[in-house]
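Take a look at the structure set out below.
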Amino acid sequence: MDAADYVNLLRLNEQASRSDPHAYRRRVLRFALLGYLAVFLLALLAVAGLIWLAWRLQQGRPAAWMIWPGLACLGLLWATLQGLRVPMAAPQGERITAADAPELFKALDKIRAKLRGPRLHAVLVNGEFNASIQQQPLMLGLAHRNYLVLGWPMLAALEPRRLYAVIAHEYGHLRGDHGKLSAWIYRTRLAWAQLGRRYREDSSVVSFALSGFVQWYTPRFDALSFALAREDEYEADRASARLFGPELAAQTLQEIAVKAQHLDAEFWPQWWRRARLEPAPLQAEGGPFAEMGLALQLAVPPEGLRDYLMRELKRLADFDDTHPVLKDRLAALRQRAGLKRLSQQSSLELLGEARARVAQHLDEHWWLQNRKEWAQYGERLREQQAQAEAFAARPQLELTADEWVQWSDAIRALLDDDPSPWLERALELAPCHPRALAELARLHLARGDARVGAWLELLYQTHEDQAWLAAQLAQRWIDACQLQERPVAPELRRLWRERRERSELLEHEAWQAFVDSPPWDQGIAAQLDEAELRNLRGVLLREADVRMAWVGEQRLPIRPARRHFSIWLQARCRDEHADELAQRLYERINDSGALPGRCRVLVIGRHVEPARREACTELKLLLQRR
């Protein structure tokens, strides 16, 4: 099924779910059972074949040709049994008990009682900015172990009452018959994805034949059940709102959106900056998780808070994630956008005596994963420091515009200082320098600086390949001016809106042509200088789920003319998190300006076959972790 057919089928199912929800749920249930029924019938066919062969042998009529159908039946039976039982590993994390955290477990019991949720078998803490209740099937799905997984960053970001609202949301996924159906459908989606990967990796003829059915069934089942998964998120939000009130639920959603961006934009870059001076940070002052609690309780600057929230509210719903976007979730709760206040304390105290142990475990695990990259990143920062010192030692009149921009990159990587003076010197030498214009606009748009309009106008007029970026940044600048009560003229707002619509249409067509082209088509070795490679590696190094990464470039006849790059990843995370990882890295690479062109992120095994990566000899290795 191609992408257009998938999206069309998905939209039809969304309409069906709204027009008759009960009939739609019955359709999803029937189609889910159809998949298992097909696998079960194939297993019966294999058993019947083996019984027939055994009967022939019992009748005393053996023949050499019977070996081949016997092997085929055994292979079919084995493959179908794999399909009926797809194991799901228990989630990872540091376990805490009621003896460690009595206040937390008392609150969990109250939430469970009010929502009539299932019993929790374990509570774990991991290093993700997330919270979830995960079910591990037992006895062919007849029983389950329920794990509540709390992310340390979320505990650090939210005060206890807001954390409880998040936990109530997770419990809401499992309450009542609808919750049980949705949870089963969710596990079924994961099972089919794992089964498809297993059949593709198996080189046997039987698995190859069965993979054809899986490839036909899985996208249709995903498209059919997508609306159910998204509606289940709204139902979970309503469950949380019934316990804690819609206003608290809405404020919690907005604070999570703001602090997740703040963590990525401020905390982690500042932490990695230490690699220049601290070869072993855990021995010096402790690890990142030990410090995260205080960092996420510090006030987010007002302009940063507005920019983070505005960016999240402008995010459009897509078909890669079953979670609704923030603005749709607020509308469903009948709450207006606007974060009245941030949490006044963290929820880490709820961990009680386990807090120090969990922090130490997470820090040691982080260091084990990132020790090699920490040394490499520290070396790159020292190189940038040497480069900055070399620039500073030269007469400033000798420096070119590109060198001033490189100096600004070093200042941003090494310090919290504003690199604007260096970028402005670059513009004095080259008034239309695209990177200097774009970076200055990014730095000053949140404050509603009037100069941003002039910089973006020049960028739009002089660089066709930057028109879409200029229009996007202009919209954020106009919104910031409105919040600062310095609104721009209506005709300027209208002009940029028309430019954005026109450039978005052209960019959408270009992007569609880019993603429709295979990532190995017309591939060439990526032509990136050391500064660009250093910036790109810096983005990748801060993502713990990336095991290996490569970059490739394609020479494609697409307008507006830009360069086209593909980042190929070998990921540590499970398939259900691969799309989230790809999207997160795509946004970070674009926000950082690490690549001079269009970029897509592909997870090997999820978006592209492993054999394709091996065949693309022009790919350049960026990162390799043990």
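When F391 is tested against (1) over 30 Å from P102 (Cβ atoms); (2) loosely packed, with under 15 Cβ neighbours inside 10 Å, only condition (2) is not met. Of the helices (runs of 4 or more DSSP H) lying entirely inside the range 229-307, not one is found with 2 or more residues being open to solvent by less than 50 Å² (accessible area, probe 1.4 Å), free of Cβ contacts under 8 Å to residues at least 60 places away in the same chain and touching a His at 6+ places or on another chain (Cβ under 9 Å). Summed over the range 108-123, the residues that are crowded, with 18+ Cβ neighbours inside 10 Å and under 22 Å from A156 (Cα atoms) give a count of 3.
E424: farther than 30 Å from I256 by Cβ, open to solvent by less than 70 Å² (accessible area, probe 1.4 Å), free of Cβ contacts under 8 Å to residues at least 60 places away in the same chain and not aliphatic (A, V, I, L, M), yes or no? Against the criterion (farther than 30 Å from I256 by Cβ, open to solvent by less than 70 Å² (accessible area, probe 1.4 Å), free of Cβ contacts under 8 Å to residues at least 60 places away in the same chain and not aliphatic (A, V, I, L, M)), E424 qualifies.
Quick one: is R311 open to solvent by 70 Å² or more (accessible area, probe 1.4 Å), among the charged types (D, E, K, R), under 30 Å from L10 (Cα atoms) and in contact (Cβ under 8 Å) with a residue 60 or more places away in the chain? Spelling it out, R311 is indeed open to solvent by 70 Å² or more (accessible area, probe 1.4 Å), among the charged types (D, E, K, R), under 30 Å from L10 (Cα atoms) and in contact (Cβ under 8 Å) with a residue 60 or more places away in the chain.
Can you spot a residue in the range 544-553 that is open to solvent by 50 Å² or more (accessible area, probe 1.4 Å) and in contact (Cβ under 8 Å) with a residue 40 or more places away in the chain? Yes, some residue in the range 544-553 is open to solvent by 50 Å² or more (accessible area, probe 1.4 Å) and in contact (Cβ under 8 Å) with a residue 40 or more places away in the chain. Considered as a group, the residues in the range 124-140 that are open to solvent by 50 Å² or more (accessible area, probe 1.4 Å) and either in contact with a Cys (Cβ under 6 Å, 6 or more places away or on another chain) or among the aliphatic types (A, V, I, L, M) (or both) include one that is modelled with the highest pLDDT, and that residue is L138.
Confirm whether W455 is of a type in the set (F, W, Y), open to solvent by 20 Å² or more (accessible area, probe 1.4 Å) and within 24 Å of L399 (Cα to Cα).
On the way: of a type in the set (F, W, Y): yes; open to solvent by 20 Å² or more (accessible area, probe 1.4 Å): yes; within 24 Å of L399 (Cα to Cα): yes.
It is true that W455 is of a type in the set (F, W, Y), open to solvent by 20 Å² or more (accessible area, probe 1.4 Å) and within 24 Å of L399 (Cα to Cα).
Criterion applied to G304, G352, G293, G286 was being modelled with pLDDT under 90 and more than 26 Å from the chain's Cα centre (by Cα), and the one residue passing it is G286.
Return yes when A143 is farther than 21 Å from D321 by Cα and at pLDDT below 90 and no when it is not. Answer is yes for this residue. When each of R486, R537, R499 is tested for being charged (D, E, K, R), assigned to a loop (DSSP other than H, G, I, E, B), in contact (Cβ under 8 Å) with a residue 24 or more places away in the chain and more than 17 Å from R563 (Cα to Cα), the lone residue that passes is R486. Considering (1) assigned to a helix (DSSP H, G or I); (2) more than 20 Å from E532 (Cα to Cα), the lone condition that R588 does not fulfil carries the number (2).
Checking the structure you have, find out if any residue of the range 404-417 is surrounded by 15 or more Cβ atoms within 10 Å (Cβ to Cβ) and among the polar types (S, T, N, Q). First the steps, then the outcome.
The first filter runs over the range 404-417 and keeps only residues surrounded by 15 or more Cβ atoms within 10 Å (Cβ to Cβ), leaving 404-414.
Retained after the next criterion (residues that are among the polar types (S, T, N, Q)): 406, 408.
Looking for residues that are surrounded by 15 or more Cβ atoms within 10 Å (Cβ to Cβ) and among the polar types (S, T, N, Q), one finds at least one in the range 404-417, hence yes.
Suppose we filter A480, A489, A525 for residues that are of a type in the set (A, V, I, L, M) and open to solvent by less than 30 Å² (accessible area, probe 1.4 Å); which single one remains?
On the way: A489 fails: open to solvent by less than 30 Å² (accessible area, probe 1.4 Å); A525 fails: open to solvent by less than 30 Å² (accessible area, probe 1.4 Å).
The match here is A480.
Examine the range 322-338 for a residue that is out of contact with any strand residue (DSSP E or B) (no Cβ under 7 Å at 6 or more places or on another chain) and either modelled with pLDDT under 85 or over 25 Å from A165 (Cβ atoms) (or both), and state whether such a residue exists. Spell out the reasoning first.
First, pick out the residues of the range 322-338 that are out of contact with any strand residue (DSSP E or B) (no Cβ under 7 Å at 6 or more places or on another chain): 322-338.
The next check asks that each one be either modelled with pLDDT under 85 or over 25 Å from A165 (Cβ atoms) (or both); those that pass are 322-323.
Taking every residue of the range 322-338 in turn, at least one turns out to be out of contact with any strand residue (DSSP E or B) (no Cβ under 7 Å at 6 or more places or on another chain) and either modelled with pLDDT under 85 or over 25 Å from A165 (Cβ atoms) (or both).
When D5 is tested against (1) within 24 Å of W192 (Cα to Cα); (2) charged (D, E, K, R); (3) more than 41 Å from the chain's Cα centre (by Cα), just one condition goes unmet, and that condition is (3). Could you tell me whether any residue of the range 569-583 is under 19 Å from R537 (Cα atoms), polar (S, T, N, Q), open to solvent by 30 Å² or more (accessible area, probe 1.4 Å) and not in a loop (DSSP other than H, G, I, E, B)? Looking for residues that are under 19 Å from R537 (Cα atoms), polar (S, T, N, Q), open to solvent by 30 Å² or more (accessible area, probe 1.4 Å) and not in a loop (DSSP other than H, G, I, E, B), one finds at least one in the range 569-583, hence yes.
Output yes when any residue across the range 310-321 is among the acidic types (D, E), under 28 Å from H173 (Cα atoms) and in contact with an Asp or Glu (Cβ under 6 Å, 6 or more places away or on another chain), and no when none is.
Within the range 310-321, one or more residues are among the acidic types (D, E), under 28 Å from H173 (Cα atoms) and in contact with an Asp or Glu (Cβ under 6 Å, 6 or more places away or on another chain).
Evaluated against (1) of a type in the set (D, E, K, R); (2) in contact (Cβ under 8 Å) with a residue 60 or more places away in the chain; (3) open to solvent by less than 60 Å² (accessible area, probe 1.4 Å), R382 falls short on exactly one condition, (3). Going residue by residue through the range 511-533, is there one that turns out to be farther than 21 Å from L622 by Cβ, of a type in the set (G, A, S) and in a loop (DSSP other than H, G, I, E, B)? Yes, some residue in the range 511-533 is farther than 21 Å from L622 by Cβ, of a type in the set (G, A, S) and in a loop (DSSP other than H, G, I, E, B).
The values are calculated or read from the model by the stated rules, or taken from the named source; none is laboratory data. Values in this document were obtained by computation on a predicted structure and should not be read as measured data. So basically every Cβ, Gly included, is an ideal-geometry build from the backbone, and we count neighbours across all protein chains shown. Heavy atoms of the whole protein, side chains included, go into the accessibility calculation; ligands, DNA and RNA do not. Shrake-Rupley method; radii C 1.70, N 1.55, O 1.52, S 1.80 Å.
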